[in-house]
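So the structure is just underneath, and the comments pick up after that.
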Amino acid sequence: MSETLLEANVKHHYLENDFNCAETMIQACNDTFHLDLPESAYKMLSGFGNGLYTGNLCGTLVGCTCALSCMLVETRAHTTEHLPYAQRLLVRNFRNLLGNTQCAKLKAVHHSKEKRCLTTCLLAAKAMSQTLDQLQEEGLLKLEYEFANQDA
């Protein structure tokens, strides 16, 4: 199976720019889906790396959540009817592919000294793509950029 553009962008930001997992996901999503986020958006996610630097909620899931919110929310969460469903779908897909949402538990399975958390980031990209595909199929999201099955 070929690498998607999102996965290629994840590799680029994680390996070449040395961003943490949360920074990587928001930047890769911004590049892939043309979210037009300012640099301050990347900085806001910096503290979410390494599970908030406590091993708690995985930073890649936080990055995906932020990107998904940018795609769905026009004004605020309370006026975005499908946001709760979309978020639950993302978390379900994330858990199915990665096995957990907690950084410390994911590190025990997916982290290595050589790759660090690259595997986690790439699996999170798959979960994000799967979620966006499902939302598009259900008519809940329309992306102008066709990301599915794109080669890097």
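For segment 99-128, how many residues meet the condition of being under 17 Å from Arg88 (Cβ atoms), in a helix (DSSP H, G or I) and of a type in the set (S, T, N, Q)?
Residues meeting the conditions: 0.
Failed condition for Gly139, given (1) small (Gly, Ala, Ser); (2) surrounded by fewer than 18 Cβ atoms within 10 Å (Cβ to Cβ); (3) assigned to a helix (DSSP H, G or I), with all others met?
(3)
For Glu23, which of the numbered conditions (1) within 13 Å of the chain's Cα centre (by Cα); (2) within 22 Å of Glu137 (Cα to Cα) fails to hold?
(2)
Quick check: is even one residue across segment 19-29 touching a helix residue (DSSP H, G or I) at 6+ places or on another chain (Cβ under 7 Å), in a helix (DSSP H, G or I) and open to solvent by 40 Å² or more (accessible area, probe 1.4 Å)? Even if it seems obvious, please write down each step before you answer.
Pass one, segment 19-29, residues touching a helix residue (DSSP H, G or I) at 6+ places or on another chain (Cβ under 7 Å): 19-29.
Going one step further and asking which of them are in a helix (DSSP H, G or I), we end up with 21-29.
Those still in the list that are open to solvent by 40 Å² or more (accessible area, probe 1.4 Å) too: none.
No, that holds for no residue.
Of the residues that make up segment 34-55, is at least one modelled with pLDDT of 95 or more, under 17 Å from Leu122 (Cβ atoms) and either open to solvent by less than 60 Å² (accessible area, probe 1.4 Å) or of a type outside the set (Lys, Arg) (or both)?
No.
I'm trying to understand the selection: among the residues of segment 74-115, which are basic (Lys, Arg), surrounded by 13 or more Cβ atoms within 10 Å (Cβ to Cβ) and either touching a residue at least 12 places away in the same chain (Cβ under 8 Å) or more than 25 Å from Glu16 (Cα to Cα) (or both)?
If the condition is that a residue be basic (Lys, Arg), surrounded by 13 or more Cβ atoms within 10 Å (Cβ to Cβ) and either touching a residue at least 12 places away in the same chain (Cβ under 8 Å) or more than 25 Å from Glu16 (Cα to Cα) (or both), then Arg92, Arg95, Lys105, Lys107 are the ones that fit.
Kindly provide the set of residues from segment 4-17 that are under 11 Å from Leu118 (Cα atoms) and without any contact (Cβ under 8 Å) to a residue 24 or more places away in the chain, ordered by number. Give the steps one after another, and end with the answer.
Step one: filter segment 4-17 for residues under 11 Å from Leu118 (Cα atoms), giving 7, 10-15.
His12, His13, listed by residue number.
The values are calculated or read from the model by the stated rules, or taken from the named source; none is laboratory data. The structure displayed is predicted, hence computed values, not measured ones. Using ideal geometry, Cβ is built from the backbone for each residue, glycine included, and neighbour counts are taken over all protein chains shown. Keep in mind that these areas ignore ligands, DNA and RNA; they rest on the heavy atoms of the full protein, side chains included. Shrake-Rupley method; radii C 1.70, N 1.55, O 1.52, S 1.80 Å.
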